[in-house]
Amino acid sequence: MTKIIVTGLIACALSGLIGFLLLPVLRALKAGQSVREIGPTWHNCKAGTPLMGGLMFIFALVICLLIAIPTMEEYSVFYVLALSLCFGLVGFLDDFCKVKFKRDLGLTALQKMLLQMAVSAIYLYVLYRKGIMTSALLIPFFNVRVDIHPLLYIFFAMFVMVGCVNAVNLTDGLDGLCGSVTVPVMVFFTAAAVLLEKTDLALMPAALVGGLIAYLFYNWHPAKVFMGDTGSLFLGGAVCGLAFALDMPLILILVGFVYIVETLSDIIQVTYFKATHGKRFFKMAPIHHHFEMSGWKETKIVLVFTAVSALMCVLAWIWLSGSASCFTILD
């Protein structure tokens, strides 16, 4: 436990230091955000805010895990790290296109989808071959596993991962929102890994807790830097990667509740708009913009969404802590 806490503290310090050094570089490179024309008009003042701030907690995490290698007994955490870095690389390419060509949209949706599905398929295959992940789906609160054919399970898992990663990306729409919502998720995964005696795996979410706290110092409203797709896709990869590494993907329904609601609000808005020939279900989607249009300040939205995320993580922990003894039986 001491190693986990120290890792989180070191990551926090490193992320803060990297941010202090990185921010002037991003400003000098004019790596600024463009604001979408269809977005809230009051977000226009955010144009030019440096992107790719996610490199702060990414670099901090990588350094912490490299430092911890001599004390590790198993290295499954590096599979999750590799997955997250690959998603982060897709995000970096997207951010680079935005900065290079001075537009809000980077890679096309098809390009991102194909890259994300390829990365997910490789990760899932490796986990399955290494015996880290089974092809049985654990149902939270019922403590039963539903056996699924391995090939079908991997296809199902691919779509879950791609959906999760993009849901986290969609949540990154307000100052401090994505980072704040993700902190309790990473606290949960840290505690879950410790409870299931996967201490080395716990180092990654612990480091992300520390790294995100330091990042939020720069990203809290009014934001001095945005994590960009580099950071949000990396976090999405970490969230779903940890869920599958712990062999409990359906826990994402609980710990990823805010991400899911954000995505569903977008789907509902588009579907309703098309079905009613121009009417809107929400004032604006995703749902955090609906609350903005309803008069909520950004900070209030972030605090409320983070509280909801924390409550759902507590609910997930109540189930897990009461059912941990079943895991060895079910395995």
Check: Does Thr263 satisfy being touching a helix residue (DSSP H, G or I) at 6+ places or on another chain (Cβ under 6 Å), open to solvent by 20 Å² or more (accessible area, probe 1.4 Å) and in a helix (DSSP H, G or I)?
Finding: yes
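Listed here are the residues, each with its yes/no results for (1) within 17 Å of the chain's Cα centre (by Cα); (2) surrounded by 14 or more Cβ atoms within 10 Å (Cβ to Cβ).
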{"position": "Asn219", "(1), (2)": "yes, yes"}
{"position": "Pro222", "(1), (2)": "no, no"}
{"position": "Met248", "(1), (2)": "yes, yes"}
{"position": "Phe291", "(1), (2)": "no, yes"}
{"position": "Ser294", "(1), (2)": "no, no"}
Next item on the list: All but one of (1) in contact with a Pro (Cβ under 8 Å, 6 or more places away or on another chain); (2) at pLDDT 90 or above hold for Leu137, so report the exception by its number.
Entry: (2)
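Among the residues of the range 266-274, is any under 20 Å from Asp175 (Cα atoms) and modelled with pLDDT of 90 or more?
Restricting attention to the range 266-274, the residues satisfying the condition of being under 20 Å from Asp175 (Cα atoms) are 266.
Subsequent filtering for residues that are modelled with pLDDT of 90 or more retains 266.
Looking through the range 266-274, at least one residue is under 20 Å from Asp175 (Cα atoms) and modelled with pLDDT of 90 or more.
Could you please find all residues in the range 34-70 being assigned to a helix (DSSP H, G or I) and modelled with pLDDT under 90? If you could, list the steps in order and put the result at the bottom.
Looking only at the range 34-70, we keep the residues that are assigned to a helix (DSSP H, G or I), and these are 41-46, 55-70.
Thr41, Trp42, His43, Asn44, Cys45, Lys46, listed by residue number.
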Checklist line | Search result, residues across the range 71-92 that are closer than 12 Å to Ala202 by Cα and in a loop (DSSP other than H, G, I, E, B) | finding: Met72, Glu74, Tyr75, Ser76
Checklist line | Scan of the range 266-279 for residues that are part of a helix (DSSP H, G or I) and either basic (Lys, Arg) or within 24 Å of Ala121 (Cα to Cα) (or both), ordered by number | finding: Lys274
Next item on the list: Kindly establish whether Cys178 is touching a helix residue (DSSP H, G or I) at 6+ places or on another chain (Cβ under 8 Å), within 26 Å of Ile58 (Cβ to Cβ) and open to solvent by 10 Å² or more (accessible area, probe 1.4 Å).
Entry: no
Check: Where residues in the range 299-331 are more than 19 Å from Pro184 (Cα to Cα) and open to solvent by less than 50 Å² (accessible area, probe 1.4 Å), which of them is modelled with the highest pLDDT?
Finding: Ser323
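Let's see how each residue does on (1) more than 22 Å from Leu254 (Cβ to Cβ); (2) of a type in the set (Asp, Glu); (3) surrounded by 15 or more Cβ atoms within 10 Å (Cβ to Cβ):
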site: Tyr79; (1), (2), (3): yes, no, yes
site: Val90; (1), (2), (3): yes, no, yes
site: Gln111; (1), (2), (3): yes, no, no
site: Val119; (1), (2), (3): yes, no, yes
site: Tyr128; (1), (2), (3): yes, no, yes
site: Thr134; (1), (2), (3): no, no, yes
site: Leu137; (1), (2), (3): no, no, yes
site: Val144; (1), (2), (3): no, no, no
Check: Here are some residues: Leu242, Leu203, Leu151. Which one is surrounded by fewer than 24 Cβ atoms within 10 Å (Cβ to Cβ) and either without any contact (Cβ under 8 Å) to a residue 24 or more places away in the chain or assigned to a helix (DSSP H, G or I) (or both)?
Finding: Leu151
Next item on the list: Quick one: in the range 138-148, of everything that is closer than 21 Å to Ser120 by Cβ and part of a strand (DSSP E or B), which residue is nearest to the chain's Cα centre (by Cα)?
Entry: Leu138
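Residue under question is Leu315, and the condition is that it be in contact with a strand residue (DSSP E or B) (Cβ under 8 Å, 6 or more places away or on another chain) and in a helix (DSSP H, G or I); does it hold?
No; evaluated as a whole, the condition is false for this residue.
The values are calculated or read from the model by the stated rules, or taken from the named source; none is laboratory data. Quick caveat: nothing in here was measured; it's all calculated off a predicted structure. Every residue, glycine as well, gets a Cβ built from its backbone with ideal geometry; the counts of neighbours run over all protein chains shown. The area values use the complete protein model at the heavy-atom level, side chains included, leaving out ligands, DNA and RNA. Shrake-Rupley method; radii C 1.70, N 1.55, O 1.52, S 1.80 Å.
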